[in-house]
Amino acid sequence: MNELIDIVKACQKGKVSAQKRMYEMFSGKMFAVCMRYCKDRTEAEDALQEGFIKVFANIDRFRFNGSFEGWVRRIMINTVIEVYRKKQPELLVDEFPLLTEECEDDTYDVVFSEQELMGMIQELPPKYKMVFNLYVLEGFSHAEIAETAGISVGTSKSNLARARQWLKKSVERRMLEKKQAVC
Amino acid sequence: MLKDRKDIDAVFKEGLEGYSIPAPAYVWDSIEASLIQKNRMSRSLIFWRATAAACIAVLMIVSIGILYRSSEQMVSEPLKMSSLESRVETEKGQNKNIISNEYSPIENEISELVENIMVPINESKSIYKTNDDLRVDGGNLQELMIGKNNVNFVKDYEISVKLHSNKAKVYYPLYASNFKTKKTQQATSISIGGLLSPAYSSKTSSGSNVESASAYGVQVNESGINSLGGGLQVRIKRGSRWSFETGVLYAQVGQEVYNSMPEYMAEKHVFASSLSTSNQMYLSNSMGNIVVNNAVRSDFSYDNANQLAENNINANMPYPEGVKQTLEYIEIPLIARYSLFKEFPYLSLAGGISSNFLVGNNAYAINDDSQQEIGKTENIKPFVISSSVGLGIDVPIGKVLNFSLEPRFKYFLNSVSSDSDYGFQPYSFGIYGGITFVVK
């Protein structure tokens, strides 16, 4: 923890060695974050680069009040959403919310690797993927998602429901494949 | 890895918690290259900010100096009158030693001249004559010397000076409107701010009575003037490298005129006369005839003038040695600006046209270190168009604050005079500096 504080302070002074050390500490996790949102690896690399440049440019604003990793992650997410705005603005266009009945009772006991889970998320249509990531994996509320992504709360809820349905089908399909493989 | 029964959210949330994917090495290389470039830009920014700060300081010093000098010239006039009297008294004492008794009438005339040297401003019939007029009207010279008795001219003059001082004190406060500090993501930004512009103004001219004056042996010396302008500016910038500016600015142009006479003419008394029948000053210049509102002084004789010159006691005499003609305009510019370098958006080239509305037209009699308003130049157009081009440096000081500095050349596209005999087109070179606030 103290090492991280020292690194952050050194980065605030503009020391390149500290910046590199910080990159090494967080680049893996942040690249995984970018991969969850972006359509491919190249786009994720671009977002990672741009995100870290923003981190170093704004590191003076970090006041050691909360989790530094959370602060970096938030910058990465904002960067990725900016990429959405620039490259795929149609994905953020609000649409009439279609509320879907959700079955909360579905539970799963199958084992999935991280790569398998990532694969299922990346198969999601982009606008479902973004809302699912923000709500489930980042812990945003629908109001925060609406403000961050520039969509309505209703659209956020609707897209989350669709994402869950999509993922449930993916999970069930893979479970079936696993059972068939065992048999 | 997960083995317990979980809902779909938990499957993904817990399954991907702490998940890490090694990033390719070249990503860091790109980041490092970008950081190095930013550090260079940052150093460059520090340099420009320091330069901007130095320029602000210089601008303020120059501006305050010009304003202070203008005010001091006006306010110090009454003091000069008293110092003039003491000076002449001293000179009178010296003259007693230098000049023999045969010059005693001159001494008396000097004394008389000092006592009657000014004509009150309400003497509107007072006018000016040229050297030639005075020579021809030699019979009236004694009459000219008598001046206006029974008038407390010092008091009137002080009142006049106060009036002119109030008129001359013009302040150009920087304007800052309320602005929001909240950062916006909109492509269009609007900046508003104040400008100060110390400038040197001169002219190109054609026609005029300068050539005819030269034919009579009068050497016409015209020179530019220093002035101080400024005002409010609004800049609208789209996302591109183009931006557009308008605003309301105060600007001053003009010239100083000195007519040198041949030796056979009387010394320097070309401007004032109390007995002429015209109220126009026949001063040779390229802007236009000067219509006189109030006389500067009554004149003195040809012989006495020469004598005064010989004894070098005319240095502080309040008769004009030259005339300054100024035109004041409210300028509404429309300027297009283009950032020269995408990577370095602080340097820009600006050009455009301005509508200039005449708000002031004054002529001043100039002595060594003071000036007094005497009238105005006739046949000046109320509206003229000018063009301008400049190279601007725009340095961000904070998030919403910019310092701008721009050497700008301005040229009037048509003559300021409606008289076709006078083709007077001013131009000026000014340093426009100021602070702008990003309001949107």
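Quick notes
- Against the criterion of being part of a loop (DSSP other than H, G, I, E, B) and either buried (at least 20 other Cβ atoms within 10 Å of the Cβ) or touching a Cys at 6+ places or on another chain (Cβ under 8 Å) (or both), B:S415 qualifies.
- From B:D394, B:D369, residue being at pLDDT below 90 and more than 18 Å from the chain's Cα centre (by Cα): B:D394
- Single match in A:K169, A:K157 (criterion: surrounded by 16 or more Cβ atoms within 10 Å (Cβ to Cβ) and of a type in the set (K, R)): A:K157
For every residue, the table says whether it meets (1) at pLDDT 85 or above; (2) touching a helix residue (DSSP H, G or I) at 6+ places or on another chain (Cβ under 7 Å).
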position: A:L91; (1), (2): no, yes
position: A:L99; (1), (2): no, yes
position: A:P125; (1), (2): yes, no
position: A:K129; (1), (2): yes, yes
position: A:F132; (1), (2): yes, yes
position: A:F140; (1), (2): yes, yes
position: A:A146; (1), (2): yes, yes
position: A:A149; (1), (2): no, yes
position: A:Q165; (1), (2): yes, no
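- Of all residues in region B:346-366 being hydroxyl-bearing (S, T, Y) and in a strand (DSSP E or B), the one that is nearest to the chain's Cα centre (by Cα): B:Y364
- Only a single item in (1) over 30 Å from A:F140 (Cβ atoms); (2) modelled with pLDDT under 55 is not met by B:Y26, and it is number (2).
- Those helices (runs of 4 or more DSSP H) lying entirely in region A:106-183 with at least 3 residues small (G, A, S): A:142-149, A:153-182
- Residue check, B:A33 more than 7 Å from chain A (Cβ to nearest Cβ), part of a helix (DSSP H, G or I) and either in contact (Cβ under 8 Å) with a residue 60 or more places away in the chain or surrounded by fewer than 14 Cβ atoms within 10 Å (Cβ to Cβ) (or both): yes
- Scanning region B:213-250 for residues that are at pLDDT below 85 and among the hydrophobic types (A, V, I, L, M, F, W, C) turns up B:A213, B:A215, B:V218, B:V220.
- Annotation: of all residues in region A:48-72 being of a type in the set (G, A, S) and more than 10 Å from chain B (Cβ to nearest Cβ), the one that is farthest from B:P24 (Cα to Cα) is A:G66.
The values are calculated or read from the model by the stated rules, or taken from the named source; none is laboratory data. If you're wondering where the values come from, they're calculated on a predicted model, not measured in any experiment. We place every Cβ from the backbone using ideal geometry, glycine too, and count neighbours over all the protein chains shown.
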